[in-house]
1. Which residues does a label at Ile184 reach in region 128-166, if reach means a backbone N under 12 Å from a point 7 Å past the Cα toward the Cβ?
2. Can you tell me the order of 60-66, 34-40, 49-55 when each peptide is scored by its average per-residue count of other Cβ atoms within 10 angstrom, highest first?
3. Consider a paramagnetic label point 7 Å from the Cα of Ala173 along Cα→Cβ; state which residues of region 1-26 have an amide N under 17 Å from it.
4. So how much slack lies between Ser209 and Arg34, counting 0.36 nm per residue of separation and subtracting their Cα-Cα distance, in nm?
5. For region 1-143, what does the convex hull of the Cα positions come to per residue, in cubic angstrom?
6. On the first, second and third principal axes, largest extent first, how far apart are the outermost C-alpha atoms of region 94-143 in Å?
7. Put +1 on the Cβ of every Lys and Arg and -1 on every Asp and Glu Cβ in the chain; which of Trp21, Asn262, Trp44 then has its Cα farthest towards the positive end of the dipole?
8. Stretch Glu153-Asp236 to full length: gain in nm at 0.36 nm per residue minus the Cα-Cα span?
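What follows draws every value from the coordinates through simple rules; no lab data is involved. Just so we're clear, the structure is a prediction, and the values are computed from it rather than from any experiment. We place every Cβ from the backbone using ideal geometry, glycine too, and count neighbours over all the protein chains shown.
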Amino acid sequence: MTAEEKRLQEDRNRQAYWRRWGPYLSERQWGTVREDYSVDGSAWDYFPHDHARSRAYRWGEDGIAGISDNHQRLCFSVALWNGEDPILKERLFGLSGPEGNHGEDVKEYYFYLDNTPSHAYMKYLYKYPYKAFPYRELVDENQQRGYHEPEFELIDTGVFDDNKYFDVFVEYAKASPEDILIKISVVNRGSERKTLHVLPTLWFRNTWSWGENSKKPILTLDEEGVVNASHPSLGDSWLFCQDCKEFLFTENETNHKRLFGNTNQNPYVKDGINNYIVNGEKEAVLPVSNSCCYIISCHL
């Protein structure tokens, strides 16, 4: 048998759980029926893209080039910022059904380059422009077009002209079912020198806000820069980061103040890292001395 065939046999025989970790993380959870608690079943209106960075999901999580365990308790993905966007690029953007002239449609360029059946090796490519992502232009132009007209695509906006974009490659390789090497490579396809902020992010899906007596998981950082992820059913996992400029911490809790005008019970909310990086709000993230949290980003 090949090495991959052996891994699959071990997984079938429950000798080694090679498929416990895999590409189970959605790239877009907002606007889905899973997260719709509206009285009229209008999932798109109830949970729009603008809420996604600030609002805790219940039934799933999302992220770019991400992985999770098979019950999606602990998640990992890559967030990006080109210095121009009004928000971090944390998840794929698309048109809701009513916004697109041909219905629901993701307006991004991403590619699944490789994946073995055991998920022992996975490779993903995301293309990220230098310029601010044209969220509003994509919505406005497609809403103006009729059913018999072509869709207005991301490339039609001109943000990729003259190769002014980054190729972001994310690779996963398993030495064992629980030992995963993650490699992030960025290639500047244009001729200009540009800065790209890369934030590998580890977090727990919020399973504690929806019922009583739910034991909370916790993320902590030790003095050597190793992240410990402790979950009541998943156990302990560790994240080792190379060349991390700073660790950023927040909670996976809804920002009620931004979305609904209510008071936040916890000042450290889901979009805290976004607000720290993009808006320069230093108080939006947890102090390093108090690093027990549910979301950790390694700012490269």
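1. It comes to no residues whatsoever.
2. Details: 60-66: 21.6, 34-40: 12.0, 49-55: 19.6.
Result, highest mean first: 60-66, 49-55, 34-40.
3. Under 17 Å, as judged by backbone N against the label point of Ala173, lie 3-4 of region 1-26.
4. Working: separation 175, 0.36 × 175 = 63.00 nm, distance 1.61 nm.
The span from Ser209 to Arg34 would gain 61.4 nm if fully extended.
5. Values: hull volume 20.0 nm³, N = 143.
Cα-based convex hull of region 1-143, divided per residue, equals 140 Å³.
6. Per principal axis, max minus min of the Cα coordinates gives 42, 27, 10 Å.
7. The Cα lying farthest towards the positive end belongs to Trp21.
8. Numbers: separation 83, 0.36 × 83 = 29.88 nm, distance 4.31 nm.
Length difference between fully extended and current span is 25.6 nm.
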